[in-house]
Each structure stands twice: as structure tokens, then as C-alpha cells.
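The values are calculated or read from the model by the stated rules, or taken from the named source; none is laboratory data. All figures in this text were calculated on a predicted structure; none of them were measured in a lab. With ideal geometry, Cβ positions are generated from the backbone for all residues, glycine too; neighbour counts draw on all protein chains shown. The accessibility values were calculated without ligands, DNA or RNA, using every heavy atom of the protein model including side chains. Shrake-Rupley method; radii C 1.70, N 1.55, O 1.52, S 1.80 Å.
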Amino acid sequence: WIWMHKMRPIAGRHIMTAWSRISRHMHGCANNMRVNRAEVPDTILFVPGNKRSMLEKAIAMQDPPPAFMPDMEDSVPPEKKNDARREIASCLSQLAGTGGLVIPRVNGLETGLTFDDCKAVVGPHVWGVSVGKVNNAGDVATLDRFLKQLEADTGLGVGSMQLILWLETAQGVLNAASICAASERVAGVAFGAEDYANDLMLPAGASTSHQALLFPRAQIALAAHAHGVAALDGPFVRFREPDALKTEVEHVRSLGFTGKFAIHPAQVPVLRQGFRPSDEEIDYARRVVEAYDTAVANGRASTSVDGKMVDVPVYRRSLKVLAVASTGTG
């Protein structure tokens, strides 16, 4: 939101008009806009669901993240799964009261716990659910049936619950495109590096290696953008190293990821800043738009800024940058 206080007019217009201008110049990309995915936050904070004290700390945060993910999956030991359901269910209204979206993560279909997990949390305070270890479009169809039943049972409109799906196996990564396309509920897909490394029996340290994870990350980001959903990277586990986290954010953003998960509140501001256009990016985008508009007014379809050619794709991207800067969402 800080960007909204820095905006200046562009050739007599404000950059809040960038969204409408995108619609006029992005008709060739209409298939990427199936649902408004700007709701999907760039920063989502994990909270272990069986830890009442941690849920209470999350609720009390003075500067809460845009979304919370109370967890019933990997952060909860098997004997505490029921406790996690109960604790999360009791905190949903308070978490929602912070202003952040509430997106509980439930156990994957292979556990047999998914339906009961969803039943415990689906309701008016929940924006959607996140599901671990989704492997194919058939898994998405099963989840869609679960949610339709629960929406009917709780009086919610059909399609109210969104899905953020974890792709963290070889099957899941290879099927990324069909998973993204499997349901209108799919708002985002998330890459789980640790489980992926385990599934492929990669050597120790591979789950933090940019080189080892380049293909799955690129595959997921491409699939997500092709189908108009958010691409979210899994958490950076070295939570006391903000500079290393910043470097990782720069890397995954360069691959097309639109957000990332936090496992500690201290990571939240790093992520929020990292997925926003920088002042330099905003300034460059502003100058590109001015220069291109002037060129078009003079009957030309290209120009240059800072010695670099500016044509339609560069112009479109600059409009996106300014739109993101003006709204605070990607």
C-alpha cells in the first residue's frame, strides 16, 4: 500500500488507470484471465494448527500478513491432527478479524483425512483451503466434490471455497498444467521443495539449491501463468537469514512466482517488499508508458527508453507494473 502514496500523474493520467489500459492492450492474452486472481496474496504465514499459543500470537500481530495458513499437515504430528482441527476451528473468526485471508492447509488425499479436515474449517470465515501433495486433475475433481458437499451443508454458495494446491511430487510437477486447469476453484499452486526432493531422492541440500529446483519451479510458474492462477513458492526454512531470503525471493520472482510462504513473522516484511515493484521498476515503467504513448500519438509502434527498444510487449509489462504498484497486488 505504500506505493499508493508515491504515485504521480503519467502524462496527465494517474496510474490507477493502468488496469483499464491493460484490458485494451491485453486482448491477445484473454485466456490468462479466467478469474480475478489478484485476491491471492503474495505473502502467506504458516501457523501450526495444534499450537494454541502460536495461533493466539498470530491473531495478536500488530501488522498481520495478508493471509494466514493454519496448518493441519506437515507441521502437525499424527497424534495431534484432531487437536489441530479443533484449535483451528475455534480460532477462525479471530484470524479473519485481523483482516487477513484465512486459508487452512489440510492433509493430502493419500492420508484419508482430507474430508474431515475440510469439514472442520469450511465456513464463512475461510477464503479457501490448501491441500498438500496433489498429483493430478483427478485429485482436484475429488476435492471439488468434497467442497461442493460442504458448501451445501453450510449454506455457502457453490464455488465459494478457493483452492491452493501443493505440487510437491514428480507426478504433481509433471501434471502442473492439467491441475491448474482442472477447476475454477484453483486460485493458486504452491511448490513444496522438501517433499519434491524426497520424492526424487535428491542429495542432501538439494531442497535449497536453485539449480536443482530450477525445472520444477519453472514448470509450475509456466503452468500457473498459462491458466491464470497464482504461482507460490514454498517457505524459506532458514528464517533467521533475511538477506538469504531476499535473494531467494529475487530468484523465484525472476521465474514468474507471484508469492511465497512465511514460517516466521519476521519473514513477512521481507516477502511483502520482495514481491512489490521497486521504486526503480516503477520509475522505468512510468517512463516507458510516457514514451510509448508519445510514439503512438506520432504514428509509431516502437520507441526507446535508456537505450532499450520499447514496443508493445514492453509497454504491456510496464502497464502491469504500474497497476500492481497502484493496488498493492499482483
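Some points to look at:
- Residue that is most open to solvent (accessible area, probe 1.4 Å), among those in region 105-161 that are of a type in the set (S, T, N, Q) and out of contact with any strand residue (DSSP E or B) (no Cβ under 7 Å at 6 or more places or on another chain): Q149
- Region 210-232, residues that are assigned to a helix (DSSP H, G or I) and open to solvent by 60 Å² or more (accessible area, probe 1.4 Å): L214, F215, L222, H225
Residue-wise test of (1) of a type outside the set (V, I, T); (2) closer than 23 Å to H227 by Cβ; (3) touching a Phe, Trp or Tyr at 6+ places or on another chain (Cβ under 6 Å).
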position: G100; (1), (2), (3): yes, no, yes
position: P104; (1), (2), (3): yes, no, no
position: L109; (1), (2), (3): yes, yes, no
position: S160; (1), (2), (3): yes, yes, no
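- Among the candidates V173, V268, residue that is surrounded by 15 or more Cβ atoms within 10 Å (Cβ to Cβ), touching a Ser or Thr at 6+ places or on another chain (Cβ under 8 Å) and touching a residue at least 40 places away in the same chain (Cβ under 8 Å): V268
- Yes/no for E241 being surrounded by fewer than 23 Cβ atoms within 10 Å (Cβ to Cβ) and either touching a His at 6+ places or on another chain (Cβ under 8 Å) or within 25 Å of L101 (Cα to Cα) (or both): no
- Annotation note: of D293, D279, the sole residue that is farther than 18 Å from I44 by Cβ and either open to solvent by 50 Å² or more (accessible area, probe 1.4 Å) or touching a Pro at 6+ places or on another chain (Cβ under 7 Å) (or both) is D279.
- Against the test of being within 20 Å of L101 (Cβ to Cβ), open to solvent by 10 Å² or more (accessible area, probe 1.4 Å) and not charged (D, E, K, R), the options S183, S207 yield a single qualifying residue, S183.
- Contacts under 7 angstrom Cβ, first residue in region 31-50 being under 14 Å from P104 (Cα atoms) and modelled with pLDDT of 95 or more, partner open to solvent by 60 Å² or more (accessible area, probe 1.4 Å) and assigned to a loop (DSSP other than H, G, I, E, B), 6 or more apart: F46/I263
- Filtered by the rule that a residue be hydrophobic (A, V, I, L, M, F, W, C) and either surrounded by 15 or more Cβ atoms within 10 Å (Cβ to Cβ) or at pLDDT 95 or above (or both), region 298-308 gives a lone residue, V305.
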